[in-house]
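Notes to accompany the following structure.
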Amino acid sequence: MCGIVGYIGEKNAKDIVLNGLKKLEYRGYDSAGMSLWDNKTSDHTLIKVKGRIDALEKRIDIKESPLAIGHTRWATHGKVNQENAHPHTSFSGRFIVVHNGVIDNYKQLKKTYLNDKTFTSETDTEVIAFLIDYFVSESLPADKAILKTLRLLEGSYALLVIDRTQPDLIYAAKHKSPLLMGKSNQGIIIASDMMALLPTADQYVALEDETFVTIHQDAFTIFDLNGTVQPYQMQPIDMDDMSSEKGAFDHFMLKEIHEQPAVIRKILNKYFEKNDVLLDTAMLDTIKKHDRIHILAAGTSMHAGLVAKKLLEQWAGMPTEVHIASEFAYDMPLLNGKPFFIMISQSGETADLRACLMRLKKDHHTVMTVTNVRTSTLAREADMVLTIHAGPEIAVASTKAYTAQIAVLAILSYALSHQSFDLKAELSKIASAMDSLLEKHEDFKPIVESLLNKRHCFYIGRGLDYAVALEAALKLKEISYIQTEGFASGELKHGTIALIEEDTPVIALISQNSTASLTRSNLNEVKSRGAKTLSIVVESLRENGETMLIPDANPSLAPLLMVIPTQLIAYYAALVKGYDIDKPRNLAKSVTVE
Ligand code: F6R
């Protein structure tokens, strides 16, 4: 979703901010803007466009600048147009603001303080700029006016503010939306995502909620909202800039699909010492003191949770429930016994999960976050963290994070159990099987061309295969825009089979011995009604005529392999249709609004 980058220092702020914004493109956006100090006019200039950063870049005619702030907007308040794009300017023109997040009480603030003012946009952000100006017009100095404004805001914000009368200063503020301060010996960079700090900064600090920052080119000071200075500690940046490049692949999604075997091997390195699991025993003991696990997540991460539930139940004997975070946050089920909570989030910034976390912390529950981003908000605020070590995932459609989440949660389930099989060997076997499946990735293009020529499609399966069917369907719909349902195959005949007509594509997932013949019967039922069918089957369960074969593995871990063809089907379906695979329409990578 929205992205923020700002820079002040000896290097060219224009290039640094533009590069930073480009690194955040993967998060999804619909308009972009920048404000830069222009040495020629000794003033700030402001440029905004509806559309891509390339268009913004073309409109900037300043070559060099020591200070700039930039923004990519994913519309929440008001249409996608140039007026609503950030930065926004205050009514006198003195203050320039970029903002991520949502201000819940902006209408009320408008009514109370700014009734006589004329706004040029429909955004909540413009109210912030106007309020600062309003308090300055009541004779407060700029910093005090910003602090007073911040204390009035309800909702979430990561903000950068420029005061045109102070050309060597950027103000920043953060509450509930992420904002990181990066430092090098040539300047300070501020961004809403670690990716944008690279390669400019070598150290960073993640701002806490309710903080306000004054930033000069060689130093910054962090305050709380009462203006009291706060201590902080810089951390080295532990991320490789190259890992956010596409390399030899045409799309990040294809690259990330191919990275999965390496990610599984990396997880094995991180979580095993010889054949022993490397997980903190105090952490495992804490979990064992609880009698029910609740997994909270959204989208693909929730689908990984559905697989993890089976592993926690089958291997560790822990009753486990999986909840959609946006539902759980405001419609909490009755909790009995001693519940333990696991939040799964690739980004660690999903606002629906943050809402759950706030609620759970208020009730003193113990929460673990399983995430790809160790520095993320959900990682910092939970009681325990497990990192999935997938490396930056840039494509909006999540692939390697899904398999990494399952692998890490499999290791946790195993560590909580009395199982004695060799999990490390099983997972290494899976990494090799992934390699062999991926070698044949181009075979999926003709399959997709002959199968997916309808507006809709079904994935069906039972048990773990049903869990994968849900993820397979999400992947296909989000990038190819084919309306796809993941369905429990036995449930089809209770209503949904009415949708099957001539050539409706139905793909069955068959990896579990106990349900293989039942799923096949259900597939035959739709075939008799005209469906065009395909089975994705593990080798040992293969029947005549079935050609899409998946190497055998521990059946509980089969989702790690079964999902690979479905990711490739989604990828090639979007490719054949000519869609923007890495940045599908309407979607954002990191969903930081509820
Ligand atoms: C789909 C996808 C989303 C995310 C969801 C949760 O491909 O990526 O469904 O899984 O928005 O995001 P995280 O895992 O960052 O909390």
Any residue on another chain or 5+ positions along whose placed amide H is under 5 Å from the amide H of Ile222 is listed here as Gln230
Please work out whether segment 243-367 counts as rounded, prolate or oblate from its C-alpha gyration tensor, where a ≥ b ≥ c are the square roots of the eigenvalues and a/c under 1.5 means rounded, while otherwise a/b larger than b/c means prolate and anything else oblate? oblate
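How would you classify segment 52-125 from its alpha-carbon gyration tensor, with a ≥ b ≥ c the square roots of the eigenvalues: rounded for a/c under 1.5, else prolate if a/b is greater than b/c, otherwise oblate? Mind showing how you got there, number by number?
On the way: a/c = 2.36, a/b = 1.68, b/c = 1.41.
Taking the square roots of the gyration eigenvalues as a ≥ b ≥ c, segment 52-125 is prolate.
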The chain, accessible area per residue, ligands and nucleic acids excluded (1.4 Å, Å²): 40
Taking the dipole about the Cα centre of segment 249-438, with the C-beta of Lys and Arg at +1 and of Asp and Glu at -1, give me whichever of Val277, Val396, Gln314 is farthest to the positive side. Val277
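Sort segment 3-242 into rounded, prolate or oblate with this rule: let a ≥ b ≥ c be the square roots of the eigenvalues of the Cα gyration tensor; rounded if a/c is under 1.5, and if a/c is not under 1.5, prolate when a/b is larger than b/c, oblate otherwise. Before the final figure, lay out each step's value.
Values: a/c = 1.43, a/b = 1.19, b/c = 1.20.
Cα axes put segment 3-242 in the rounded bin.
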Farthest towards the positive end of the dipole of the chain, among Ala558, Phe95, Gln260 and with Cβ unit charges of +1 on Lys and Arg and -1 on Asp and Glu, lies the Cα of Phe95
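What's the ranking of 268-279, 503-514, 405-416, 358-369 by average number of surrounding C-beta atoms within 10 Å, highest first?
Highest-to-lowest ranking by the protection proxy: 405-416, 503-514, 358-369, 268-279.
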Toy charge model, Lys and Arg Cβ at +1, Asp and Glu Cβ at -1: the chain dipole around Cα centroid in debye, rounded to 20, equals 620
For segment 89-109 and segment 500-574, distance of Cα centres in Å: 52
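Based only on the alpha carbon positions, what is the Kirkwood hydrodynamic radius of the chain, in angstrom?
On the way: mean 1/r = 0.0394 Å⁻¹.
Value: 25.4 Å, from the Cα pair sum.
Give me Rg over Rh for segment 440-579, both radii from the alpha carbons and Rh done the Kirkwood way, two decimal places. Don't skip to the answer; put the middle values down first.
Details: Rg = 13.6 Å, Rh = 14.7 Å.
Expressed as Rg/Rh, it is 0.93.
Counting only C-alpha contacts under 8 Å and six or more residues apart, can you give the relative contact order of the chain as a whole percent? Can you show the working numbers first?
Values: 1268 pairs, mean separation 69.7, N = 594.
Taking the mean separation of contacting Cα pairs over the length of the chain, I get 12 percent.
Past 29 Å, Cα to Cα, is the threshold; run Lys50/Lys266; Lys454/Lys589; Lys246/Lys440; Lys255/Lys454 against it and keep the listed order.
Beyond 29 Å between Cα atoms: Lys50/Lys266.
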Output for segment 129-280 (equivalent-ellipsoid semi-axes, sqrt of 5λ from the C-alpha gyration tensor, Å, descending) is 39, 18, 15
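Just to be sure I understand: of the beta bridges DSSP finds with both ends in the chain, what percent are antiparallel, rounded to 5?
On the way: 63 of 101 bridges.
If we restrict to bridges inside the chain, about 60 percent are antiparallel.
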Report the charge-dipole magnitude of segment 1-73 in Debye, nearest 20, computed about the Cα centre from +1 at each Lys and Arg Cβ and -1 at each Asp and Glu Cβ. 240
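Under a Cβ-only charge scheme (Lys and Arg +1, Asp and Glu -1), can you give me the dipole magnitude of segment 294-367 about the Cα centre, in debye to the nearest 20? Mind showing how you got there, number by number?
Numbers: 7 positive and 7 negative charges, 41 e Å.
My answer is approximately 200 debye.
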Determine the gain in length on full extension of the stretch Glu245-Asn39; use 0.36 nm per residue of separation and subtract their C-alpha separation, reporting nm with one decimal. 70.8 nm
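Kirkwood hydrodynamic radius, computed over distinct alpha-carbon pairs, for segment 295-413: how many Å, to one decimal?
Values: mean 1/r = 0.0712 Å⁻¹.
It is 14.1 Å.
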Could you sort 451-459, 163-171, 281-289 so that the peptide with the highest average Cβ count within 10 Å comes first and the rest follow in order? 451-459, 163-171, 281-289
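Can you order the peptides 221-233, 172-184 by their average number of other Cβ atoms within 10 Å per residue, highest first? Show your work: numbers first, answer last.
Working: 221-233: 12.1, 172-184: 23.5.
In decreasing order of mean packing, 221-233, 172-184 become 172-184, 221-233.
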Full extension between Lys454 and Asn105 adds, at 0.36 nm per residue less the Cα distance, a length in nm of 121.1 nm
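If Val563, Val102 are ordered by their accessible area, calculated over protein heavy atoms with a 1.4 Å probe, which sequence runs from highest to lowest?
Largest to smallest exposure gives the sequence Val102, Val563.
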Under the 7 Å Cα-to-Cβ spin-label approximation, Ser528 and Phe119 lie apart by a distance in nanometres of 6.0
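The values are calculated or read from the model by the stated rules, or taken from the named source; none is laboratory data. What you are looking at is a predicted structure, and each value in this text was computed from that prediction instead of being measured. Glycine gets a Cβ as well: all are built from the backbone with ideal geometry, and neighbour counts include every protein chain shown. Protein only, heavy atoms only, side chains kept; ligands, DNA and RNA dropped before computing areas. Shrake-Rupley method; radii C 1.70, N 1.55, O 1.52, S 1.80 Å.
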